[in-house]
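The structure under discussion appears below in the form of structure tokens.
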Amino acid sequence: MEGGLFANMGLDASYLIILLFLIQVLLFVLLMNVNMKYNRLKTSYASFMKGKDGKTLEESVLDRFEDIESLMEMAKKNKQDIKDITRKIEGDYQKLGIVKYDAFHEMGGNLSFALTMLDGNNNGWIINAMHSRDGCYTYIKEIVKGESYIELAEEEAESLDRAIYQEAYGLDIKDLV
């Protein structure tokens, strides 16, 4: 046993001592890191629990859950209300188009008009009021999905296009009223 255990294995004892020292330094650094994290966690916990015992903390948490539940109920009610309003609005007249014209070219003014009123599904009416010296003649034509089953006059077709494509004409309902 001349060289000892390490010599028989082909290892130098000084390398083993250096390796163990490096492992010890690494473990010390890791211990410091864990200790710092623990101190930060302890500080956060202390500030969280400051002035509260377990009972008041539990009440606070339960109050927040009640608030969340009431907000969820309110959100469900709002969602249903929005659906109801949307369904109701689809049937309201929301698109308008109007064309004023001189029906008989004799009055010297544009007293005749074609007024289109459509809902959100492009269903509605065209009211054509033709003014002459003898009187005023009014016609109503039904519009279904943006089309009429009765042939439209040029002014009526233009009024229908204006109602359907309001944005393209730069029209606003406030401008028409």
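Quick note: the coordinates plus some simple rules give every number you see, no bench work behind them. Note that the structure is predicted; figures quoted are calculated from it, not measured. Here Cβ is always computed from backbone atoms with ideal geometry, including for glycine, and neighbour counts include all displayed protein chains.
Relative protection proxy for 121-133, 10-22, from highest mean packing down: 121-133, 10-22 (other beta-carbon atoms within 10 angstrom).
Cross-link pairs exceeding 24 Å between alpha carbons, from the set Lys83/Lys141; Lys77/Lys145; Lys95/Lys141; Lys88/Lys145: Lys83/Lys141; Lys77/Lys145. Taken along its principal axes, the alpha carbon cloud of segment 69-122 reaches lengths of 71, 16, 8 Å, longest axis first.
Between 0 and 90 degrees, the angle of helix 13-49 with respect to the longest Cα principal axis of the chain falls at about 50 degrees. Along segment 117-126 the Karplus relation, 6.51 cos²θ - 1.76 cosθ + 1.60 evaluated at θ = phi - 60°, assigns HN-Hα couplings of 10, 10, 8, x, 9, 6, 10, x, 9, 10 Hz to successive residues, with x for each Gly and Pro. Computed over Cα pairs, the Kirkwood radius of the chain leads via Stokes-Einstein (1.306 mPa s, 10 °C) to a diffusion coefficient of 63 µm² per second.
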